[in-house]
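A.B. asks: Before we start, here is the structure in question, set down as structure tokens.
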Amino acid sequence: MNHKITAAITSVGGFVPEDRLTNFDLEKIVDTNDEWIRTRTGIHERRIQKGEGLATSDLIVPAVLELCKKRGIETTEIDCLIVATVTSDYPFPATANVVCDKIGAKNAWSFDLAAACSGFLYSLTTGATLIESGRYKKVVVVGADKMSSIIDYTDRNTCIIFGDGAGAVLLEPNYEGYGVLESVLHSDGSGRKYLRTEAGGSLHPTTLETVQARQHFVYQEGAAVYKYAVKGMSDAVAELMEKTNLTADDIQWLVPHQANMRIIESTASRAGVPLERVMINIQKYGNTTSGTLPLCLWEWQSKLKKGDNLVLAAFGGGFTWGATLIKWGF
Ligand code: COA
């Protein structure tokens, strides 16, 4: 009997808005075409949150409520709620605080964590550590972004890639060795020159000039990011496999961040995992930043079996990157 506490995922929720932005819609907005986008990225369409007064917290609320309903718990039972996001409702307070207010999670402490596209992995490890400490019994980890709020729809380098969405998992203590078992996480802030939002922070506070210079939108040097992402995600998976003595045959599912189909394929190929064991939904949702990994778990949960080894991998702005091993527990 293994008495060590591990953090098992015991429920999953997800939400994507109804409105779709297809490649054909983008053809009408910027100089691009469906064929280019599909062959270079694998994306066919993305979901966009439309409507006044809606924000990232409104993507998260249905995902967390679904998770609670499936597990049969009240929101008041949540001990801690972590939101990974780069598109918080406000600069402060944290979106996690707003979510807890909206769902009535009165007993939870909550905070946001910003690690761009690796945000969910970072938050999952953070949440798992809280469970492993023995101090908390129910930790909700969310990955969510309303990327449409920071995308320049006149910039064809970025507007074809990103979409909106949210996913959430519930972590609970497990004594049989299921759950989040190992993580390798890295960051290198020198990567900020290739991928960032220039203004709106303390370095360049918002002014009329920063708005006119379109500095509140995502800036990306796609080709450079692509190169680092391919290496970062593949290296992280290799490092995790070595650390945990796993071979490709031991991995039932590879769950890669959905940034570009070619990055997914090369990560899978380097890990030796065939594409039929790789979760891929980039064609429907594009890159939802913090949302990609939990949205994959949400869509695939009915196919997962107790004991399956899942390797999650991500790379994102910062740079931040890493990989996490989960032994599926329900
Ligand atoms: N439609 C049509 N043509 C486009 C285009 C678009 N949306 N965007 C760029 N192009 C053109 C370029 O102008 C360039 O033309 P040129 O050869 O005449 O100069 C050509 O297509 C190739 O551009 P390039 O930027 O080298 O394309 P790419 O193959 O690197 O693909 C990305 C661009 C953005 C899809 C790719 O770099 C990428 O996915 N990068 C990583 C993105 C990522 O993972 N970001 C998030 C990290 S979390």
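A.B. asks: Scanning the stretch 179-208 for residues that are among the aliphatic types (A, V, I, L, M) and surrounded by 13 or more Cβ atoms within 10 Å (Cβ to Cβ), which turns out nearest to the ligand (Cβ to nearest atom)?
C.D. replies: Restricting attention to the stretch 179-208, the residues satisfying the condition of being among the aliphatic types (A, V, I, L, M) are 180-181, 184-185, 195, 199, 203, 208.
Cutting the leftovers down to surrounded by 13 or more Cβ atoms within 10 Å (Cβ to Cβ) gives us 180-181, 184-185, 195, 199.
Working: 180: 22, 181: 25, 184: 17, 185: 15, 195: 6, 199: 20 Å.
Among them, the one singled out is 195.
A.B. asks: Just to be sure, is residue 92 within 30 Å of residue 219 (Cβ to Cβ) and within 16 Å of the ligand (Cβ to nearest atom)?
C.D. replies: Working: within 30 Å of residue 219 (Cβ to Cβ): yes; within 16 Å of the ligand (Cβ to nearest atom): no.
Taking the combined requirement at face value, the residue does not satisfy it.
A.B. asks: Continuing with the same structure: Here are some residues: 140, 211. Which one is open to solvent by less than 10 Å² (accessible area, probe 1.4 Å), away from the ligand (no atom under 11 Å from the Cβ), of a type in the set (Val, Ile, Thr) and outside any loop (DSSP other than H, G, I, E, B)? Full working, then the answer.
C.D. replies: On the way: 211 fails: open to solvent by less than 10 Å² (accessible area, probe 1.4 Å).
Criteria check complete, one pass: 140.
A.B. asks: So, residue 318, is that one in contact (Cβ under 8 Å) with a residue 40 or more places away in the chain, assigned to a loop (DSSP other than H, G, I, E, B), surrounded by 20 or more Cβ atoms within 10 Å (Cβ to Cβ) and not hydrophobic (A, V, I, L, M, F, W, C) or not? So that I can check it myself, show each step before the final result.
C.D. replies: On the way: in contact (Cβ under 8 Å) with a residue 40 or more places away in the chain: yes; assigned to a loop (DSSP other than H, G, I, E, B): yes; surrounded by 20 or more Cβ atoms within 10 Å (Cβ to Cβ): yes; not hydrophobic (A, V, I, L, M, F, W, C): yes.
Yes; evaluated as a whole, the condition is true for this residue.
A.B. asks: Then there is this: Only residues that are touching a Ser or Thr at 6+ places or on another chain (Cβ under 9 Å) and of a type outside the set (Lys, Arg): list them for the stretch 204-228, please.
C.D. replies: 204, 215, 216, 217, 218, 219, 220, 222
A.B. asks: I would also like to ask the following. Can you confirm whether the stretch 96-103 contains a residue that is within 16 Å of the chain's Cα centre (by Cα), modelled with pLDDT of 95 or more and not assigned by TED's automatic domain parsing to the domain that holds residue 228? Don't jump to the end; show me each part of the working.
C.D. replies: Residues of the stretch 96-103 that are within 16 Å of the chain's Cα centre (by Cα), as a first pass: 96.
Those still in the list that are modelled with pLDDT of 95 or more too: 96.
Among the residues that remain, those that are also not assigned by TED's automatic domain parsing to the domain that holds residue 228 are: 96.
Taking every residue of the stretch 96-103 in turn, at least one turns out to be within 16 Å of the chain's Cα centre (by Cα), modelled with pLDDT of 95 or more and not assigned by TED's automatic domain parsing to the domain that holds residue 228.
A.B. asks: Test residue 292 against the criterion of being closer than 17 Å to residue 166 by Cα, among the hydroxyl-bearing types (Ser, Thr, Tyr) and either open to solvent by less than 10 Å² (accessible area, probe 1.4 Å) or within 11 Å of the ligand (Cβ to nearest atom) (or both), and give yes or no. I'd like the intermediate steps shown before the answer.
C.D. replies: Details: closer than 17 Å to residue 166 by Cα: yes; among the hydroxyl-bearing types (Ser, Thr, Tyr): yes; either open to solvent by less than 10 Å² (accessible area, probe 1.4 Å) or within 11 Å of the ligand (Cβ to nearest atom) (or both): yes.
Judged against the criteria, residue 292 is a match.
Every residue, every condition in (1) surrounded by fewer than 15 Cβ atoms within 10 Å (Cβ to Cβ); (2) assigned to a loop (DSSP other than H, G, I, E, B); (3) of a type in the set (Ser, Thr, Tyr), yes or no:
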residue	(1), (2), (3)
158	no, yes, yes
219	no, no, yes
238	no, no, no
254	no, no, no
267	no, no, yes
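A.B. asks: Could you list all residues from the stretch 70-86 that are assigned to a strand (DSSP E or B) and not aliphatic (A, V, I, L, M)?
C.D. replies: Taking the stretch 70-86 and keeping what is assigned to a strand (DSSP E or B), we get 80-84.
Selection gives 80 alone.
A.B. asks: Further question on the same structure: Filter the stretch 73-113 down to residues that are more than 16 Å from residue 57 (Cβ to Cβ) and buried (at least 24 other Cβ atoms within 10 Å of the Cβ), then give me how many there are.
C.D. replies: 1
A.B. asks: Looking only at residues in the stretch 73-86 that are more than 16 Å from the chain's Cα centre (by Cα) and not hydroxyl-bearing (Ser, Thr, Tyr), which one is nearest to residue 320 (Cα to Cα)? Can you show your working first?
C.D. replies: Residues of the stretch 73-86 that are more than 16 Å from the chain's Cα centre (by Cα), as a first pass: 73-80.
From the residues that got through so far, the ones that are not hydroxyl-bearing (Ser, Thr, Tyr) too are 73-74, 77-80.
Values: 73: 33, 74: 34, 77: 32, 78: 28, 79: 27, 80: 24 Å.
Looking at the filtered set, the residue picked out is 80.
A.B. asks: Considering only the stretch 54-72, I want to know if a residue exists there that is open to solvent by 10 Å² or more (accessible area, probe 1.4 Å), more than 30 Å from residue 327 (Cβ to Cβ), in contact with a strand residue (DSSP E or B) (Cβ under 6 Å, 6 or more places away or on another chain) and more than 16 Å from the ligand (Cβ to nearest atom). Before you say what the answer is, go through the steps one by one.
C.D. replies: Initial filter on the stretch 54-72 (open to solvent by 10 Å² or more (accessible area, probe 1.4 Å)): 54-55, 58, 61-62, 65-66, 69-72.
So of that shortlist, the ones also more than 30 Å from residue 327 (Cβ to Cβ) come out as 54-55, 58.
Restricting the remaining residues to those that are in contact with a strand residue (DSSP E or B) (Cβ under 6 Å, 6 or more places away or on another chain) gives none.
No, that holds for no residue.
A.B. asks: I'd like to verify a number: residues in the stretch 39-53 that are within 13 Å of the ligand (Cβ to nearest atom), surrounded by fewer than 22 Cβ atoms within 10 Å (Cβ to Cβ) and touching a residue at least 24 places away in the same chain (Cβ under 8 Å), how many?
C.D. replies: Here the count works out to 2.
The rows are residues; the columns are (1) among the hydrophobic types (A, V, I, L, M, F, W, C); (2) in contact (Cβ under 8 Å) with a residue 40 or more places away in the chain; (3) within 16 Å of the ligand (Cβ to nearest atom); (4) within 22 Å of residue 38 (Cα to Cα).
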site: 245; (1), (2), (3), (4): no, no, no, no
site: 251; (1), (2), (3), (4): yes, yes, no, no
site: 256; (1), (2), (3), (4): no, yes, yes, yes
site: 260; (1), (2), (3), (4): no, yes, yes, yes
site: 263; (1), (2), (3), (4): yes, yes, yes, yes
site: 268; (1), (2), (3), (4): yes, no, yes, yes
site: 271; (1), (2), (3), (4): yes, yes, no, no
site: 275; (1), (2), (3), (4): yes, no, no, yes
site: 279; (1), (2), (3), (4): yes, no, no, yes
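The values are calculated or read from the model by the stated rules, or taken from the named source; none is laboratory data. Since the model is a prediction, treat every value here as computed from it, not as a measurement. With ideal geometry, Cβ positions are generated from the backbone for all residues, glycine too; neighbour counts draw on all protein chains shown. Surface accessibility is based on the protein's heavy atoms, side chains included, excluding ligands, DNA and RNA. Shrake-Rupley method; radii C 1.70, N 1.55, O 1.52, S 1.80 Å.
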